[in-house]
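Trainee: Quick one: this structure, given as structure tokens, is what I'll be asking you about.
The values are calculated or read from the model by the stated rules, or taken from the named source; none is laboratory data. Bear in mind that the values here come from a model prediction, so they are computed numbers and not experimental data. Positions of Cβ are backbone-derived with ideal geometry, glycine not excepted, and every protein chain shown enters the neighbour counts. Protein only, heavy atoms only, side chains kept; ligands, DNA and RNA dropped before computing areas. Shrake-Rupley method; radii C 1.70, N 1.55, O 1.52, S 1.80 Å.
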Amino acid sequence: MMTDQNGRSLIPPPWQFGPWNQFSDNQKEETIVTRARKMLFDQDIPLSLCIEPLHFFPSGVDPDIAPQRKKDHQELSDIGIKSVGYFNPMMALIWNGTYEMAAQNNYLLKTRTGEPFNYTYLGYPEVSQLDFTNPAAVTWYQSQLEYAIGMGFRGWMQDYGEYTPPDSVSNDGTDGLEMHNKFVLLYQNTTYDLLTRKYPSSEPDKYAPDFVVYVRSGYTGSQRYTWSHWTGDPTSDWSYSSGLPAQIVASLTVGLSGMPYSGSDIGGFVWYLTPPPTEELWCRWAEVGCFSGTMHEQGSGKGFGEKTHIFDTPEGTRIWRKYAKLRTQLFPYLYNTAHEAYQTGLPIMRHHLLDFPNDTQAISQNFQYMFGPSFLVAPVIEDGRRGWDVYLPEGETWIDVSSQLKYDEKSGRFLLGFTNYTQGGRVVRVHAPLDVVPMFVRAGTMVPVLDPRVMTLSDATDQKVITMKRLQHLLHLWIWPTEDGFAQLQFHDRSWWSMYHVIYAKHWEIIFNDMTPNRTSILQVSAPWTETVSVVTTPTGHVYTKAASLDRLLSDDAPEGWIVDRTQRTLWIRVVPPNSSGGILYIQTSSSYTGFG
């Protein structure tokens with residue numbers, strides 16, 4: 001693969017995979033901390049990252065705000081939320097004193113006559129651009145990043161990088177045309193060098209520092225220096241040129257280019273030629289975000305009139321909560337996929353070319369994709385649609401997840417359901433009301449997920465916050481066996497689970513080895529034969545108790561046990577310590593079941 005030659009991204013910190021929210025604009029009546037606390041504690045909406053659009057460049061920030069910002073960020077950190085700010089490589093001439101210092105020390109790109117090269121940027125009459133071929137400029141820029149870190153920021157949008165003037169000249173003598181692509185790598189390496197050198201992880205060659213820096217520009221090899229990408233400033237509409245559909249194409253393309261973690265501004269950023277985003281656009285975009293490299297809500301932007309927000313309506317808030325819950329629960333699956341990206345270069349959002357290179361109809365699909373190795377996602381990207389066609393690639397057996405995935409509003413839990421197996425190589429129509437994303441799974445899949453009570457993927461000191469670490473003793477597994485009863489999971493920590501049908505013994509077996517000690521596992525097995533399950537035992541003859549109810553099986557003090565949800569056609573099994581570290585389960589069915597798998 002390309003990444004064999006050009007390098008691969010480090011594995012991001014866990015909290016990058018949680019929902020991102022930007023508290024600004026329509027939430028001006030509330031402070032950032034107040035809004036975050038409301039989401040976590042009053043609305044039970046998971047949240048891991050807060051985007052704070054404080055611009056350190058191109059004109060600096062008021063030093064008087066630093067103490068309050070640092071206090072806010074500490075309060076957010078206490079409840080398990082990391083904060084990220086904003087940087088770009090430009091310096092405004094109005095940055096009094098600082099600009100003159102930079103010009104005098106040759107920190108800026110120059111004209112051919114040796115003067116700082118100035119150009120227009122948004123509301124600034126003139127800006128210059130940092131010259132990262134000058135080691136002194138690199139050191140100074142890193143000091144500005146350190147200033148933000150000192151204020152409590154744990155990352156930032158690293159904007160732009162693609163504006164190098166073609167007729168500029170760098171400190172090392174390179175002209176702007178040649179520097180255009182090289183500049184991006186130098187710019188991104190400036191941040192990478194600082195973070196990996198001063199804030200390394202425990203395994204610096206494998207895991208990224210505990211920061212999230214997301215970029216929009218890139219060139220061959222950018223993935224070596226970055227671990228998060230976003231698709232730029234989309235229009236808040238349904239257009240295939242720059243709206244919601246275009247962002248799927250952009251993320252799939254950047255994934256093919258070797259950058260594994262890409263997402264888009266949920267809700268869009270620009271609405272000059274169209275009205276502000278509608279509730280339907282917001283909801284469909286949130287669904288795309290849930291199944292992207294990052295789930296990145298955009299609370300601001302620019303256009304005519306005030307921007308709407310997904311939280312403006314009860315239905316928008318409900319749907320955001322549903323997919324923020326799903327995104328958070330899918331973390332173990334995403335983290336497993338991140339380890340796969342580190343080993344192979346495969347992105348989280350995968351164009352069908354990567355998985356089905358011999359299926360020409362699959363390759364022609366540009367708006368559906370594999371989300372990790374197991375899920376096929378086909379988001380609804382047209383206004384008013386409540387049904388959607390999905391092409392199922394040939395050579396695989398597929399199970400419709402979305403039509404049968406039941407969401408419990410009260411707990412935020414997802415309950416699997418089963419309809420039938422569908423062979424690939426065909427187009428199917430999926431019912432897709434506003435809160436449903438058409439989604440299929442490969443038969444034979446096991447997906448690890450978190451408990452639905454988890455609020456954040458970061459640590460917290462506030463005891464009211466239910467963190468991932470606090471519930472690390474619980475592992476949920478979603479299992480969709482093949483028609484002949486096989487499924488498997490290889491976890492990045494060397495844990496593994498395997499399921500198969502033992503025909504001569506007339507039972508199903510689940511064999512497992514969990515490397516996390518004292519962890520309770522809660523299994524959902526979705527298959528046509530689950531309604532006929534009569535007993536769950538071990539090879540020693542130990543019989544699992546049939547639970548009185550699903551609520552009882554899921555209670556924290558419940559012993560091992562099992563129950564069948566006949567409505568959903570799903571078998572639930574609870575495996576508790578000490579038997580949860582490894583062993584074999586036998587699943588017996590009644591004689592009334594004569595099917596296979």
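Trainee: Could you list, in sequence order, the residues of the range 300-324 that are open to solvent by 40 Å² or more (accessible area, probe 1.4 Å) and of a type outside the set (S, T, N, Q)?
Mentor: Lys302, Phe304, Gly305, Glu306, Asp312, Pro314, Glu315, Arg318
Trainee: Provide a single number: the residues in the range 161-192 that are touching a helix residue (DSSP H, G or I) at 6+ places or on another chain (Cβ under 6 Å), open to solvent by 50 Å² or more (accessible area, probe 1.4 Å) and within 15 Å of Gln142 (Cα to Cα).
Mentor: So the count comes out to 0.
Trainee: Which of the strands (runs of 3 or more DSSP E) contained wholly in the range 489-597 include at least 3 residues that are open to solvent by 80 Å² or more (accessible area, probe 1.4 Å) and either without any contact (Cβ under 8 Å) to a residue 40 or more places away in the chain or not acidic (Asp, Glu) (or both)?
Mentor: Those strands (runs of 3 or more DSSP E) do not exist here; none qualify.
Trainee: Just to be sure, is Leu244 aliphatic (A, V, I, L, M) and crowded, with 24+ Cβ neighbours inside 10 Å?
Mentor: Taking the combined requirement at face value, the residue satisfies it.
Trainee: Please enumerate the residues belonging to the range 334-357 that are open to solvent by less than 10 Å² (accessible area, probe 1.4 Å) and part of a helix (DSSP H, G or I).
Mentor: Leu334, Thr337, Ala338, Ala341, His352
Trainee: Something else: Looking only at the range 193-237, which residues are more than 17 Å from His296 (Cα to Cα), touching a Ser or Thr at 6+ places or on another chain (Cβ under 9 Å), open to solvent by less than 60 Å² (accessible area, probe 1.4 Å) and part of a loop (DSSP other than H, G, I, E, B)?
Mentor: The answer is Ala208, Pro209, Gly218, Tyr225.
Trainee: Of all residues being assigned to a helix (DSSP H, G or I) and hydroxyl-bearing (Ser, Thr, Tyr) in the range 247-267, which is surrounded by the fewest Cβ atoms within 10 Å (Cβ to Cβ)? Just the residue, please.
Mentor: Result: Thr253.
Trainee: On to the next question. Looking only at the range 169-190, which residues are of a type outside the set (A, V, I, L, M, F, W, C) and touching a residue at least 60 places away in the same chain (Cβ under 8 Å)?
Mentor: Ser170, Asn171, Gly176, Tyr187
Trainee: Now, a different point. Any residue that is free of Cβ contacts under 8 Å to residues at least 24 places away in the same chain, over 31 Å from the mean Cα position of the chain (by Cα) and farther than 30 Å from Asp42 by Cα - is there at least one of those in the range 80-98?
Mentor: Scanning the range 80-98, I find at least one residue that is free of Cβ contacts under 8 Å to residues at least 24 places away in the same chain, over 31 Å from the mean Cα position of the chain (by Cα) and farther than 30 Å from Asp42 by Cα, so the answer is yes.
Trainee: Output the strands (runs of 3 or more DSSP E) that fall wholly within the range 361-465 and possess 2 or more residues being open to solvent by 10 Å² or more (accessible area, probe 1.4 Å) and basic (Lys, Arg), or say none.
Mentor: 426-431
Trainee: Which condition number in (1) aliphatic (A, V, I, L, M); (2) open to solvent by less than 40 Å² (accessible area, probe 1.4 Å); (3) out of contact with any Pro (no Cβ under 7 Å at 6 or more places or on another chain); (4) in a strand (DSSP E or B) is the one that Leu477 fails?
Mentor: Of the numbered conditions (1) aliphatic (A, V, I, L, M); (2) open to solvent by less than 40 Å² (accessible area, probe 1.4 Å); (3) out of contact with any Pro (no Cβ under 7 Å at 6 or more places or on another chain); (4) in a strand (DSSP E or B), the odd one out for Leu477 is (3).
Trainee: In addition: Can you pull out every residue in the range 81-115 that is closer than 30 Å to Leu457 by Cα and in contact with a helix residue (DSSP H, G or I) (Cβ under 8 Å, 6 or more places away or on another chain)?
Mentor: Within the range 81-115, Ile81, Lys82, Ser83, Gly85, Phe87 qualify.
Trainee: Given the conditions (1) touching a Ser or Thr at 6+ places or on another chain (Cβ under 6 Å); (2) over 23 Å from Ser403 (Cα atoms), and given that Thr516 satisfies all but one, which numbered condition is not satisfied?
Mentor: (1)
Trainee: Go through the range 133-148 and report how many residues are touching a residue at least 24 places away in the same chain (Cβ under 8 Å) and open to solvent by 10 Å² or more (accessible area, probe 1.4 Å).
Mentor: 9
Trainee: Only one residue in Asp493, Asp462 is acidic (Asp, Glu) and modelled with pLDDT under 95, so which one is that?
Mentor: None of the other options fit; the residue is Asp493.
Trainee: Filter the range 22-75 down to residues that are modelled with pLDDT of 95 or more and on the phi > 0 side of the Ramachandran plot, then give me how many there are.
Mentor: Matching residues across the range 22-75 total 2.
Trainee: Would a scan of the range 130-140 turn up a residue that is farther than 25 Å from Trp230 by Cβ and hydroxyl-bearing (Ser, Thr, Tyr)?
Mentor: Taking every residue of the range 130-140 in turn, at least one turns out to be farther than 25 Å from Trp230 by Cβ and hydroxyl-bearing (Ser, Thr, Tyr).
Trainee: Does Thr482 satisfy being modelled with pLDDT of 95 or more, part of a loop (DSSP other than H, G, I, E, B) and of a type in the set (S, T, N, Q)?
Mentor: It is true that Thr482 is modelled with pLDDT of 95 or more, part of a loop (DSSP other than H, G, I, E, B) and of a type in the set (S, T, N, Q).
Trainee: Return yes when Ser580 is of a type in the set (Ser, Thr, Tyr) and touching a Lys or Arg at 6+ places or on another chain (Cβ under 9 Å) and no when it is not.
Mentor: Yes, satisfied.
Trainee: If we scan the range 289-299, do we find a residue that is touching a residue at least 24 places away in the same chain (Cβ under 8 Å), part of a helix (DSSP H, G or I) and either touching a strand residue (DSSP E or B) at 6+ places or on another chain (Cβ under 6 Å) or crowded, with 18+ Cβ neighbours inside 10 Å (or both)?
Mentor: Within the range 289-299, one or more residues are touching a residue at least 24 places away in the same chain (Cβ under 8 Å), part of a helix (DSSP H, G or I) and either touching a strand residue (DSSP E or B) at 6+ places or on another chain (Cβ under 6 Å) or crowded, with 18+ Cβ neighbours inside 10 Å (or both).
To keep it simple, each residue is scored yes or no on (1) of a type in the set (D, E, K, R); (2) touching a Ser or Thr at 6+ places or on another chain (Cβ under 7 Å).
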site: Asn366; (1), (2): no, no
site: Phe375; (1), (2): no, no
site: Leu392; (1), (2): no, yes
site: Glu409; (1), (2): yes, no
site: Arg429; (1), (2): yes, no
